[in-house]
Amino acid sequence: MDFTLNDEQALLRDGLTKFLATRYDLEKSRSAAKTGLGWQPDIWKSFADELGILAAALPEECGGIGGGPVEMMLIAEALGNALVIEPYVDTAVVAAGLLRRAGCAAATDLLEKLVEGTAIVTLAATEATSGEHWQDVRTVAERDDGGWVLRGAKIVSASTPLASHVLITARTSGAPDAAEGISLFLVDIGSASGGLEFLHYRTIDDHRASDIVMHYLRLPAAALLGVEGGAWPSIALARDEGATAVCAEAVGGMRKVLADTVEYCKQRQQFGQPIGSFQVLQHRMVDMYMEVEQAAAATLLATLKLDADDTTRAMAVSAAKATAGRAAQFVGQQAVQLHGGMGMTEELAIGHYFKRLTALQFEFGSTDHHISRYARLSTG
């Protein structure tokens, strides 16, 4: 199997890396995350207009540039390396995939706006009773006067405080924990007329999320995306796409953490010599390197399997997520240990990366969840 990037992929990676190195300031992004809007709209617009990364992984027929999973992986890794807080994975990977597969006019129109950077779309799929099982949907959608009425609640909807639209999973038929009977609805946040309540908050890694309550939220008939009751296959794929993207993001973050740790150990003096000269610490950094490379290899394999059959795809994604989750925990903890107490301060980038690597372990399914899923699928 050839893992060599083609010229267009290499140009995409190098151009994005250069842009982030010269124009994405970590201190400015942390300020925006903590005290501002929670993101930088001008950066997002540059992603769309100057770099085209919001369209890079989408096919040409839906306004994309004609890329695919490999382009998505390259972008996510570069963004993770720069600790970008803008909602690329939530919007340009998860939501864009759901809109593309919905195939209806409303979804196509919104996807064009997403690619242009004028719309932010997120997914609300988790509920208080569902845990990590997204098919356990208690939010109910019922037909009413030619439209729909939604009742229920969602929790930890990532990046929704930044969004113009949110995709909401709701049950139109079937048992509460059945994959059949789940539908997907598009909600324009700005034009929703009552019945919609948000609780916005900042997460431990300086990202934004929302809890959503729907009190008899009325939606037009066109709000239903795709076939009624048949949304689960697309949602399951979107979750695996999101999991693979955050694995790539974790790899990018770990590469930066490892590089910073090695550089720090070359400079930090103890007993009259750099601590990087101590063999026991060298062994620890080699262990960190091995974890990063294992995570990178598993992520690449999962990326290449996203177009495979459901079982093959799910096993590859779960293997990658479990490997990357383990690596993120180990690399993050070792980096903090080698930096000493200052590793957790706001002044050093390492503390911010540590928090993001910790959060990534739980996005789109925790390490334990994916180990269990892999074991279940591998044993039939």
Q: List every residue pair whose Cβ atoms sit under 7 Å apart, with the two residues 6 or more apart in sequence or on different chains, where the first one lies in region 55-73 and is in contact (Cβ under 8 Å) with a residue 12 or more places away in the chain and more than 15 Å from residue 7 (Cα to Cα) and the second, anywhere, is among the acidic types (Asp, Glu) and buried (at least 21 other Cβ atoms within 10 Å of the Cβ).
A: 57/71
(Q) Going residue by residue through region 4-11, is there one that turns out to be exposed (fewer than 13 other Cβ atoms within 10 Å of the Cβ), in contact (Cβ under 8 Å) with a residue 40 or more places away in the chain and not in a helix (DSSP H, G or I)? (A) no
Q) What about residue 115, is it out of contact with any Phe, Trp or Tyr (no Cβ under 9 Å at 6 or more places or on another chain), buried (at least 17 other Cβ atoms within 10 Å of the Cβ) and farther than 30 Å from residue 61 by Cβ? A) no
Q: Only residues that are surrounded by fewer than 19 Cβ atoms within 10 Å (Cβ to Cβ), of a type in the set (Gly, Ala, Ser) and assigned to a helix (DSSP H, G or I): list them for region 295-327, please.
A: 297
Q: All but one of (1) at pLDDT below 95; (2) surrounded by 17 or more Cβ atoms within 10 Å (Cβ to Cβ); (3) under 26 Å from residue 360 (Cα atoms) hold for residue 107, so report the exception by its number.
A: (3)
Q) Only one of (1) of a type in the set (A, V, I, L, M, F, W, C); (2) surrounded by fewer than 16 Cβ atoms within 10 Å (Cβ to Cβ); (3) at positive phi fails for residue 83. Which number is that? A) (2)
Q) Taking residue 50, is it assigned to a helix (DSSP H, G or I) and surrounded by fewer than 18 Cβ atoms within 10 Å (Cβ to Cβ)? A) yes
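Here is a yes/no grid of residues against (1) crowded, with 16+ Cβ neighbours inside 10 Å; (2) not charged (D, E, K, R):
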| site | (1), (2) |
| --- | --- |
| 141 | yes, yes |
| 147 | no, yes |
| 151 | yes, no |
| 169 | yes, yes |
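One line per residue, one yes/no per condition, for (1) touching a Ser or Thr at 6+ places or on another chain (Cβ under 9 Å); (2) under 30 Å from residue 10 (Cβ atoms); (3) without any contact (Cβ under 8 Å) to a residue 60 or more places away in the chain:
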| position | (1), (2), (3) |
| --- | --- |
| 91 | yes, yes, no |
| 100 | yes, yes, yes |
| 104 | no, no, no |
| 111 | no, yes, yes |
| 124 | yes, no, no |
Q) Within region 59-94, which residues are closer than 12 Å to residue 241 by Cβ, in contact with a helix residue (DSSP H, G or I) (Cβ under 8 Å, 6 or more places away or on another chain) and in a loop (DSSP other than H, G, I, E, B)? A) none
(Q) Take the conditions hydroxyl-bearing (Ser, Thr, Tyr) and either assigned by TED's automatic domain parsing to the domain that holds residue 371 or in contact with a helix residue (DSSP H, G or I) (Cβ under 8 Å, 6 or more places away or on another chain) (or both) and apply them to residue 129. Does it pass? (A) no
Q: Being surrounded by 15 or more Cβ atoms within 10 Å (Cβ to Cβ) and not in a loop (DSSP other than H, G, I, E, B) narrows it down to one of 290, 342, 285, so name that one.
A: 285
Q. Of everything in region 98-148 that's of a type in the set (Asp, Glu) and part of a helix (DSSP H, G or I), which residue is farthest from residue 184 (Cα to Cα)?
A. 116
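The values are calculated or read from the model by the stated rules, or taken from the named source; none is laboratory data. Note that this is a predicted model, so its numbers are computed, not measured. Because the Cβ atoms are built from the backbone with ideal geometry, glycine has one as well, and the counts that use them run over all protein chains shown.
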